[in-house]
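Take a look at the structure below.
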Amino acid sequence: MTDPIVRIEKLKIALPEGADRPYAVDRCSFDLFPGKILCVVGESGSGKSMSANALMGLLPEGVHVSDGRIRLGERDLVGLTDEEMRDLRGRRVAMIFQEPLSALNPLMRIEDQIAEVFEAHGLLKPAERKKRAVELLTEVGLPDPARAARAYPHQLSGGQRQRVVIAMALALEPEVLVADEPTTALDVTTQAQILELIRTLQVERNMAVMFITHDFGVVAEIADHVTVMQLGKIVEEGPAATVLSNPQHPYTRKLIDAIPKLRAGRAAAPARETLMEVKGVSKTYRSGGGLFRPVREVHAVKDINLTIGRGETIGIVGESGSGKSSFGRCLVRLQDTDQGQILLGDQDITKAQGKELQELRAKVQMIFQDPYSSLNPRIRVGRTIADGPIAHGTPVDQAMAEADALLERVGLPGAGKRYPHEFSGGQRQRIGIARALALKPQVIVADEAVSALDVSIQAQVLELLDELKRELDLSLVFITHDLRVAAQICDRVMVMQKGECVEIGPGSQVFDNPSHPYTRSLIEAIPGKDWDAEAA
Amino acid sequence: MLRFILGRMVKIALILLAITILNFCLIHMAPGDPALVMAGEAGDADPKFIEDLRAQFGLDKPFIVQLWTYVSHFATGDLGFSYRQQMPVSELILDRLPATLLLSISAFVISLVLGVVAGVIAAARQGKASDSIISTIALLFYATPLFWMALMAVLLFSVQLGWMPAFGYETAASDFTGLTRILDIAHHLILPAVVLGLFFMATYVRITRASMLEVNRLDFVKTARAKGLKPSVIQRRHVLRNAILPVVTLAGLHAGQLVGGAVLIETVFAWPGIGRLMFEALQSRDYNVLLGVFTVSAALVLMFNLITDFTYRIVDPRIRLK
Amino acid sequence: MSNFWTTFKGNKGAVVGLVILAIVLLASIFAPMLYTTSPWDMVNMPFMAPGVDSSVPLGTDTLGRDIAAGLAHGAYISLLVGFVSTIVSLCIGIPLGAAAGYFGGWVDDVLMRITEFFQVIPSFAFAIVLVAIFEPSITSMIVAIAVVSWPPVARLLRGEVMSLKHREFIEAAELSGQSGFTIITRQILPNTISPVIVLASMMVATAILTESALSFMGLGDPNVMSWGYIIGAGRTVLQQAWWISFFPGVAILLTVLAFNLIGEGLNDALNPRLAKRRG
């Protein structure tokens, strides 16, 4: 084996006083080898990003390396002056970031931002820099690179911007690339393309890559070597194949077990009577218009038909912009529809008004995506849950007592008197579930309800949801971008693309034998699916 | 771009129309006979003026006809007649406008340049002594009544030190011409323009500093650092350019206050602009002049807003290329 | 809440502001007891310089009136106009902004056009016109200041409400069957209180500045003694008697400064994101 290009030895990164622990990273060691990808895996707060930033010399203010070495070749980066570190950044070590939307200066053309890399290190003449920019954009596979070079960031999509950031990182042919969750913010098909791109470029250039991720699927897709971190410490490391197939540490095992497997989790439940019926629902957004502007139309939801049986779980799957969330919002009438009917019994929720709407909505409740914005920060959680029944005429005392009972049911006994900021993301999501149950609904629409959670918490919340569903005989409409989650819990799955339903059927059929090319491409793009197949 | 300008022109015209209607309503809501209000103090002196006014503005006709007459007078640039000064209001204002423009534009440039520079320095040295000094000075100027600062400046620089003339636009009866005259005006201009500018400088310091610190936290600044760019280049090219956007917005919002400040400054320094004209009109209860100046100053603010919006579109491609 | 006080107390400027405000408040409360005679009465020789006679520590004006008495009585007017006009403009701005933000669509269009209109009108010139036409008095002054200063409140509220409206907890409240009124008053408005309080304290400062400027221009209530009026009255004799204009200006400066400092302290304490940065 060749020598490592980067050796990190017993690295300690101190957090400012008053943080939840003294060290973000505590005596961690790992090596990066040319032509190899090291994945550093962990949940939020594990210290994985901090170690990446330390390697770049880009630690946030107040955080510093207190001990250990970071060797790049023969040099120790710890203790270099700002000047010396600046010379290395971009030239020998480069970085790509999580949020492609905010990683580029909105006021500068793409070519100028790439040209800056050369300028920073005093390379090439201005005209050559721009020429190189176009070449680099070609290399990272941007369609029409000459035009992209002249564009501003807001004119490109998320995936395209991430390609620009990669082009920028590659400009000076660095030996080491640090990638901090570079695909987390992207759709699954875009993610697959970017992973592929990173893999190809890394092999071509014999680069060492440090790839930070929380997703074992991604690890299975690209890692040569894996380091698992928990609360600032390394708990397990080894070749990717070994760690994935035979994890030693309980934490690693827990993380891997928590990942939903990509195969239908259950046989479709026997069909029961129809509870809700969606007939030809469409929703078009119109923007602009006015004296001097043309109207722009986006067909968010286009002629969707669906029946939801009692006790059934239906998954609605799609990428961003597929209209899955718009459709979910139509179901609870947070969104008015343009056409079609959504029938609950003989009542149409799309037409209901006033009292009738209030009563219909009690039967169809929603669980929201973002645990941090779904609870009013100024109202005690017990009251938040009780607010619904109170609005429907339940006496306050009784509603509060019911709220306490519900909190206990979702595993948070005695939480009613506390405020939302006292709870973690997973706990808040449980509170959100309790609130949705307070009105004793028949159908629950869960809009990306577990997407914001770490994978181990995600598993617990999914389990709770499943238990409650069975206990209360609820129907569940589960909207998600994550095919693994859908596969695990859904009886039937509907795949949406650009507002249309492209495929609908039992989970086993959609996942094991997809009929539509788009469904196939979605499944194809899931990171780590081959690993899944092996594990199966 | 043409569409943008055209749209804004329509909007400006509508706002001016609304202001005219507002003026009309104010005259009618004022205690007393509208004709007397319009005539101002002159009304006491000569009943004939009142009769003329009644006929001219149809004050005995139905309300809506009166409104129409009033608006059509304004629309043709006829802002009424100052019985006090025996001159059409529009001529009075046009006569005084250049002095006000000179004063406000100088003050604006002073405040913007000083404010942005000081704000950038304060942000770069956040938490250090120079930051505290700049922020404290800004805080003090921000709390100082403009007219009082003007009086104290006169007391110090004109009365005590004798460096600057205490009032006026140029040395009276000096018959300076050419460059000497320009220098003479500049000498008179310094004190009022700086005093007016300092107040607004304080707001620009505060917003520039806050905005620089805010932008410094954004992801693309980290990208720039990862490229190995020098901190000075990052601050200038990435941070300042983004941080200046709220300053432009604020400058637009402050146009109205700048005009208001000019009224006070011109009053103290006897600067012969429309602000001083407004003060004189107040003294003599010359309502036509008062409303005329009000309308014209609103028009000035609208023009200034148009310019800042235009600047914003040039600086920010997200708006330009929507 | 204890958290709030710790942060607020940690901000030295805010504490200084509170102390100054307390002094001005005390002055306005005890002025009638300290100076039992009217501040308009002649108590000593005209043009008495400060420090010469201990009964008039800050000197007298052109008519022999006590400057210190004028300052004490003026404090009441400044605070009164500052507070009342701010409350009035909050009463205009909050409902308009909340309605525009919550209902959106044409309601928003109409209300925002109106707000924009009042915002582009040069506010001080408009205030002058209003007071001049409706005859100078405390009431006309308060009304004029309120009329020119509500647009920022409406815009702030609209922005806050619009961003809150799409928060999931508001949508959840809608789904749980709460009425529009309940949602606005119980779910939305309590979450806008912090920025409104901060803005309000800055508005009091601006209102005091505007009041003094109007009084300085001779548009004050002719029956009440105010700081701006004293400065205006002393203006023509600036060279002979600087103190007449000087002391009231310092009083205005300190009072306005106090409100601005308190506003910043509140902002740090109520807006944790910024507070952390200062840390």
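The values are calculated or read from the model by the stated rules, or taken from the named source; none is laboratory data. Remember, it's a predicted structure, so these values are computed and weren't measured experimentally. All Cβ positions, even for glycine, are placed from backbone atoms using ideal geometry, and neighbour counts span all protein chains on display. Heavy atoms of the whole protein, side chains included, go into the accessibility calculation; ligands, DNA and RNA do not. Shrake-Rupley method; radii C 1.70, N 1.55, O 1.52, S 1.80 Å.
Using only Cα atoms, what Kirkwood radius does segment B:232-294 have, in angstroms? Don't jump to the answer; show the numbers that get you there.
Details: mean 1/r = 0.0716 Å⁻¹.
One decimal place: 14.0 Å for the Kirkwood radius.
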At q = 0.20, 0.26, 0.27 1/Å the base-10 log of I(q)/I(0) from the Debye formula over the alpha-carbon atoms of segment C:25-96 is -0.79, -1.07, -1.11
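Report Rg/Rh for segment A:482-532, rounded to two decimals, where Rg is the Cα radius of gyration and Rh the Kirkwood radius. List each step's numbers first, then the result.
Numbers: Rg = 10.4 Å, Rh = 11.1 Å.
Taking Rg over the Kirkwood Rh, I get 0.93.
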Quote the charge dipole size of segment A:274-524 about the Cα centre in Debye, to the nearest 20; the model charges only the Cβ of Lys and Arg (+1) and of Asp and Glu (-1).
740
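Could you compute the net charge surrounding C:Arg158? Neighbours are other residues with a C-beta less than 14 Å from the C-beta of C:Arg158; K and R count +1, D and E count -1. Don't skip to the end; give the middle numbers.
Numbers: positive: C:Arg113, C:Arg155, C:Lys165; negative: C:Asp108, C:Asp109, C:Glu116, C:Glu160.
Summing Lys/Arg as +1 and Asp/Glu as -1 gives -1.
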What's the center-to-center distance, using Cα atoms, between segment C:69-143 and segment C:239-259 in Å?
25
Reduced to Cα centres, the span from segment C:1-56 to segment A:176-216 in Å works out to 66
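Roughly how large is the B-C contact in terms of buried accessible area, totalled over both chains, probe 1.4 Å, nearest 100 Å²? Walk me through the numbers on the way to the answer.
Values: alone 17590 and 14460 Å², together 27880 Å².
Chains B and C together bury approximately 4200 Å².
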So which lysines pass the test for A:Lys36, namely a Cα distance under 29 Å, with those fewer than 8 places away in the same chain ruled out?
A:Lys10, A:Lys12, A:Lys48, A:Lys233, A:Lys254, A:Lys261, A:Lys529, B:Lys222, B:Lys227
Hey, what's the per residue convex hull volume over the C-alpha atoms of segment A:1-116, in cubic angstrom?
145
Distance histogram in 10 Å bins (all Cα pairs of chain A, percent per bin)
4, 16, 24, 24, 19, 10, 3, 0
Neighbour net charge for A:Glu236 - beta-carbon separation under 12 angstrom, K R +1, D E -1
+2
Put a dot 7 Å past each Cα toward the Cβ at B:Phe63 and A:Lys254; how far apart are the dots in nm?
7.5
Please provide three numbers in whole Å: the alpha-carbon extents of the protein assembly as shown along the principal axes, with the largest listed first.
103, 76, 60
Once you put a point 7 Å from the Cα of B:Arg181 and another 7 Å from the Cα of B:Val71, both along the Cβ direction, what distance in nm separates them?
4.3
In the Gaussian network model of chain B, springs joining C-alpha atoms below 10 Å, which of B:Val195, B:Val113, B:Val268 carries the largest mean-square fluctuation?
B:Val113
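For segment A:146-269, report the % of Cα-Cα distances exceeding 16 Å.
Values: 5213 of 7626 pairs.
Above the 16 Å cut-off, segment A:146-269 has 68 percent of its Cα pairs.
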Give, to the nearest whole percent, the P(r) tail of segment A:93-173 beyond 15 angstrom, counting all Cα pairs.
48
Solvent-accessible surface (1.4 angstrom probe) belonging to B:Cys25, in square angstrom, nearest 10:
50
How many angstrom lie between the Cα centre of segment B:231-285 and the Cα centre of segment A:345-374?
51
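Hey, can you find the accessible area per residue of chain A for me, probe 1.4 Å, expressed in square angstrom?
Details: 22360 Å² over 536 residues.
Heavy-atom accessible area per residue stands at 42 Å².
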Distance between modelled label sites at C:Val250 and A:Asp76, nm, 7 Å Cα→Cβ extension:
6.0
Cross-link reach from A:Lys417 to lysines, straight Cα distance under 18 Å and at least 8 residues apart if same chain, gives none
Where a Cα-Cα gap under 27 Å defines reach, which lysines qualify for C:Lys9, not counting those fewer than 8 residues away within the same chain?
B:Lys128, C:Lys276
Quantify how strongly other chains surround peptide C:233-240 by giving the mean number of their Cβ atoms within 10 Å of each of its Cβ atoms.
3
Farthest toward positive dipole pole in chain C [+1 Lys/Arg, -1 Asp/Glu at C-beta], among C:Asn44, C:Phe118, C:Gly263
C:Gly263
Taking the Cα atoms only, what angle lies between the long axis of helix A:354-363 and the longest principal axis of chain A, rounded to 10 degrees?
70
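Hull surface divided by four, with the convex hull built on the Cα atoms of segment B:47-176: how many nm²?
Details: hull surface 59.1 nm².
Reported value for the Cα convex hull: 14.8 nm².
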Treating the Cα atoms of chain C as identical point scatterers in vacuum, please give the log10 of the normalised Debye intensity I(q)/I(0) at q = 0.08 Å⁻¹, two decimals.
-0.42
Report D for segment B:108-163 in µm² per second (integer): Stokes-Einstein, Kirkwood Rh on Cα pairs, 37 °C, 0.692 mPa s.
256
Using the Kirkwood radius over C-alpha pairs as Rh, can you work out the diffusion coefficient of segment B:184-309 via Stokes-Einstein at 10 °C, viscosity 1.306 mPa s, in µm² per second?
92
With the radius of gyration and the Kirkwood radius both derived from the Cα set of segment C:107-165, what is their ratio Rg to Rh?
1.09
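Considering just Cα atoms, how many Å³ per residue does the convex hull of segment A:274-524 enclose? Write out the running numbers ahead of the final one.
Details: hull volume 36.9 nm³, N = 251.
Looking at segment A:274-524, the number lands at 147 Å³ per residue.
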For segment C:85-235, the convex hull over Cα atoms projects on average to an area in nm² of 9.7
If you take the C-alpha gyration tensor of segment A:153-214, multiply each eigenvalue by 5 and take the square root, what semi-axes do you get, largest first, in whole Å?
19, 14, 10
Could you state the per residue volume, in Å³, of the convex hull enclosing the Cα atoms of segment B:97-272?
135
Starting from the Kirkwood radius over alpha-carbon pairs of segment A:415-495, derive D by Stokes-Einstein at 4 °C in a medium of 1.567 mPa s and give it in µm² s⁻¹.
97
Taking the Cα centre of segment B:97-272 as the origin and placing charges on Cβ (Lys, Arg +1; Asp, Glu -1), which of B:Phe157, B:Ala172, B:Ile207 is farthest toward the positive end of the dipole?
B:Ile207
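Could you tally the net charge around A:Glu116, taking each other residue with its Cβ under 9 Å from the Cβ of A:Glu116, Lys/Arg +1 and Asp/Glu -1?
Numbers: positive: A:Arg129, B:Lys227, B:Arg237; negative: A:Asp112, A:Glu119.
For residues surrounding A:Glu116, the net value is +1.
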Listed residues B:Gly256, B:Gly119, B:Gly228, most fluctuating in chain B (Gaussian network, C-alpha, under 10 Å):
B:Gly228
So for chain A, taking the charge dipole from beta-carbon charges (+1 Lys/Arg, -1 Asp/Glu), which of A:Gly315, A:Ser287, A:Leu244 sits furthest toward the positive end?
A:Ser287
Exposed GluC sites (Glu not before Pro) absent: longest stretch of chain A, with sites in DSSP loops and at most 15 other Cβ within 10 Å deemed exposed
A:274-536
Compute, for C:Thr62, the solvent-accessible surface of its heavy atoms (probe 1.4 Å) with the complete set of protein chains present, and express it in square angstrom to the nearest 10.
50
Can you report the principal axis dimensions of chain B using only the alpha carbons, biggest first, rounded to whole angstrom?
80, 55, 39
With +1 on each Lys and Arg Cβ and -1 on each Asp and Glu Cβ, how big is the dipole of segment A:165-286 about its Cα centre, in debye rounded to the nearest 20?
760
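Run the numbers for C:Asn44 and C:Ser137: contour at 0.36 nm per residue of separation, minus the present Cα-Cα distance, in nm. If you can, show how the numbers build up before the last one.
Working: separation 93, 0.36 × 93 = 33.48 nm, distance 2.85 nm.
Net length gain for the segment: 30.6 nm.
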